[in-house]
Amino acid sequence: MFRTFRVRLLFWFLVFISASFVIVLLSLGYQQKREDIFAKSDNIDQAYLMLLKSVRSQQNYFSYETKNGDYFLTGKSPYTEQYQYWLDSTLQVLSNIDFSAEKQLQVTVDLQKSYIRQVDTLFVALTNKIKTRGFKDYSLEGAMRDDAHWLEEAREIPNERILTLRRHEKDYIIRNEQQYVDKFSKAITELNAYFRNNQRIPKARKDTIISYLNSYQDRFLQLVQLDKEIGIKDNSGLKLLLDQQIETLETGFSDLVAQSRQWAKSEFANLTLYFGITVVLLVVISIVISAFIAYRITKPLTDLTKHITRFVASKFTLEKDHPMVQSKDEIGSLTKNFSILKNKVISEMKFFKQRVDERTKELAEANKKLERISEANSRFVPQEFLQSLGRASIEEVSLGDQVEREMTVVFTDIRGFTQISEELNPQENFDFLNEYLGGIVPIILKYGGFIDKFIGDSVMALFPNSPDQAIKAVQEFDPFIEDFNKMLREKKGMPPITIGTGIHTGSMILGTIGHNNRLETTVISDAVNTAARVEGLTRYYDTPLIMTEGTLNRLENATEFNYRFLDKVKVKGKKETLSVYQLLAPVEELKISYIPRYREAIKLIRKGDYAEAVVIFEELSTRNPADKAVKRFIEKYKDRQSDETATEQSITQMTTK
């Protein structure tokens, strides 16, 4: 069918391209259909959330605006605007959802829209009646009060009678009880009778007073009627109808959400099954076709390869057993040309064999030299380790080289880096760490330290000279972290970071481990593990800098630093206890100011006088309520007795690293 191998490959390549294109189209269709399914369900959830917000706006309106004079003065309320916005948004989202293929869901959606309009009608009616009723000096209640104020000014009305009227009015407004309406009406009737029978008051004046009394009564009764219709105070009338309608709407919407989620789950399962079956069929067909093509194409090549292998195995001396030409395409031509080439190679090999033997010896010597250079370059050792091991260059370093020295180990770690890294992509993570380490490492080098390891966001540094240099270095971390956080906030919009640092001094062995082909420098010491545990304690005690007593005792100028005893701890995996101290930064002036008093309390604890120690700590806590170390001592020793178990009780047992 195909005269050339190129055309044959092109044909099958087009077949596979077409199959791949079909799979891509199916994948795109699957993705689009999946998004459409879940978009409808998500829109139902979104509409439900908007509905709840509109109901919340209604509640806020009833809670705040019904007693807000500005609302009755202007007729405007932010809560009604919010309500209208969320209600319109809910209807808009529901209107955009097309469940025409799912009639039951579409009927439910239309029913909820109908309920929403009914709720809106009731709420609008309620707000109109509330505006009509008014509050205090506004609307109907305001007009009623104007009549009452006029009557209070009328000298012809006995004070005790008008006061009785006002008291019944206010009692009704406060308690919303019918008895006060009856008492009010009775008092008005008595006043009317009083004025009609009073012949000393001029008729014109009497008519005016009676007119105001009647107006006062009419407006009061109108207010009572509006309260009944509104029903806010006793949850009746329109307010009750509105609450019932909202409850019906929320129940229906909750059912709609459940139905839409179940529908989406079912639709997605059917879609996935259809797509899975289609893809499996295409894959099976592709495998069958691939196997057939592979056999047809590779058989002549396999035969030729076997012959070439035998020819090579014979060290290019196999003069018989020529490969058979099985086709007239490029593979057949290749087989024929190989036979010609084979004969040529055999003849030429005889000629070059002697030359090759001569060059082999020279190349062997050159290869040995290259191997030595490669072996030396593979032994990468930091310059500081070379100096510590007493080696001038990496060529002098060998497996097992080691030296024991006393050094200060510093472990520092970014708190919460796992959470930070989850918010960044891989490139941003590397950029973040490199910018951070670009500020930390120079500080360590400045004070005579060097880096032993980078462990993710953690840094292990060694200070071979004085532990004073290590403390000066870690105290210089604070200004850098402050500038670094400023850069994160201004340039990247990221939250600030905090670090924890542990310091310990002890004897350790520096050396090389590994294999002759791959060496690595390392530090083996219990002091390193201790420093790592101390760094972990900074999270427990919520302080950035902690050092051990081993470092404190080796300080050359301890008075240059501000520190205080923190606790005796037994870290996980250790039998011995550690005394740890909190290093205070120069900016912590308040804590530094009462270090002598703090140390006095520590001495009392060591003597077993816990009560006196707690008194001092409570004094310090009053001066600085934010001092967590002081609060911890108060909690630890406030109810403790001075007995023989106090020593064991004073040791904090750490169960985690």
**OP:** Collect the residues in region 220-264 that are in a loop (DSSP other than H, G, I, E, B) and not aliphatic (A, V, I, L, M), keeping them in residue-number order.
**Re:** GLY231, LYS233, ASP234, ASN235, SER236
Original post:
So which of GLU229, GLU250 is surrounded by 13 or more Cβ atoms within 10 Å (Cβ to Cβ), among the acidic types (Asp, Glu) and within 42 Å of the chain's Cα centre (by Cα)?
Top reply: GLU250
Original post:
Within the set of pairs 6 or more residues apart or between chains, which connect a residue that is without any contact (Cβ under 8 Å) to a residue 24 or more places away in the chain inside region 143-169 to a residue that is open to solvent by 80 Å² or more (accessible area, probe 1.4 Å) with Cβ atoms less than 7 Å apart?
Top reply: ARG145/ASP137; HIS168/LYS183
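Sort out for me the helices (runs of 4 or more DSSP H) sitting completely within region 543-639 that have 1 or more residues that are open to solvent by less than 20 Å² (accessible area, probe 1.4 Å).
549-552, 595-607, 610-623, 628-637
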**OP:** State which residue is least open to solvent (accessible area, probe 1.4 Å) when the search covers only region 496-524 and only residues that are in a loop (DSSP other than H, G, I, E, B) and in contact (Cβ under 8 Å) with a residue 24 or more places away in the chain.
**Re:** ILE497
**OP:** Taking LYS136 as the residue in question, decide whether it is of a type in the set (Lys, Arg), within 30 Å of GLN244 (Cα to Cα) and either in contact (Cβ under 8 Å) with a residue 40 or more places away in the chain or crowded, with 18+ Cβ neighbours inside 10 Å (or both).
**Re:** yes
Original post:
Do we have any residue at all in region 228-248 that's out of contact with any Leu (no Cβ under 8 Å at 6 or more places or on another chain) and within 17 Å of GLU152 (Cβ to Cβ)?
Top reply: no
**OP:** Just give me the residues in region 253-269 being surrounded by 14 or more Cβ atoms within 10 Å (Cβ to Cβ) and hydrophobic (A, V, I, L, M, F, W, C), in sequence order.
**Re:** PHE253, LEU256, VAL257, TRP263, ALA264, PHE268
Original post:
What residue, among those in region 426-457 that are among the charged types (D, E, K, R) and assigned to a helix (DSSP H, G or I), is farthest from the chain's Cα centre (by Cα)?
Top reply: LYS446
Subject >> Unique match (being out of contact with any helix residue (DSSP H, G or I) (no Cβ under 9 Å at 6 or more places or on another chain) and over 30 Å from ASP70 (Cα atoms)) among LYS203, LYS183 >> reply: LYS203
Subject >> Residue identified as farther than 19 Å from THR498 by Cβ and open to solvent by less than 40 Å² (accessible area, probe 1.4 Å) among PRO464, PRO442 >> reply: PRO464
Original post:
Cβ-Cβ below 8 Å, separation at least six or inter-chain, first residue in region 607-625 and closer than 12 Å to TYR594 by Cα, second part of a loop (DSSP other than H, G, I, E, B) and open to solvent by less than 70 Å² (accessible area, probe 1.4 Å): which pairs?
Top reply: LEU620/TYR594; LEU620/ASP627; SER621/ASP627; ARG623/TYR594; ASN624/TYR594
Subject >> Residue satisfying all of: in region 177-209; among the hydrophobic types (A, V, I, L, M, F, W, C) and surrounded by 12 or more Cβ atoms within 10 Å (Cβ to Cβ); farthest from GLY231 (Cα to Cα) among these >> reply: ILE201
Original post:
Do you know which of the residues in region 236-288 that are of a type in the set (Ser, Thr, Tyr) and more than 22 Å from VAL107 (Cβ to Cβ) is modelled with the lowest pLDDT?
Top reply: SER286
**OP:** Six or more apart or on different chains, Cβ under 7 Å: which pairs go from a residue in region 225-252 that's farther than 22 Å from LEU51 by Cα to one that's open to solvent by 80 Å² or more (accessible area, probe 1.4 Å) and in a loop (DSSP other than H, G, I, E, B)? Could you list them?
**Re:** ASP227/LYS233
Subject >> Odd one out for ILE174, checked against (1) within 27 Å of ASP234 (Cα to Cα); (2) open to solvent by 40 Å² or more (accessible area, probe 1.4 Å); (3) of a type in the set (Val, Ile, Thr); (4) at pLDDT 90 or above >> reply: (4)
Subject >> Every residue from region 397-416 that is under 32 Å from the mean Cα position of the chain (by Cα) and either without any contact (Cβ under 8 Å) to a residue 60 or more places away in the chain or exposed (fewer than 14 other Cβ atoms within 10 Å of the Cβ) (or both) >> reply: GLY416
**OP:** Name the residue, out of ALA470, ALA532, that is open to solvent by less than 10 Å² (accessible area, probe 1.4 Å), closer than 18 Å to PHE450 by Cβ, among the aliphatic types (A, V, I, L, M) and part of a helix (DSSP H, G or I).
**Re:** ALA470
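The values are calculated or read from the model by the stated rules, or taken from the named source; none is laboratory data. None of the values given here were measured: they were computed from a predicted structure. Neighbour counts run over all protein chains shown; Cβ positions are idealised from the backbone, glycine included. Surface accessibility is based on the protein's heavy atoms, side chains included, excluding ligands, DNA and RNA. Shrake-Rupley method; radii C 1.70, N 1.55, O 1.52, S 1.80 Å.
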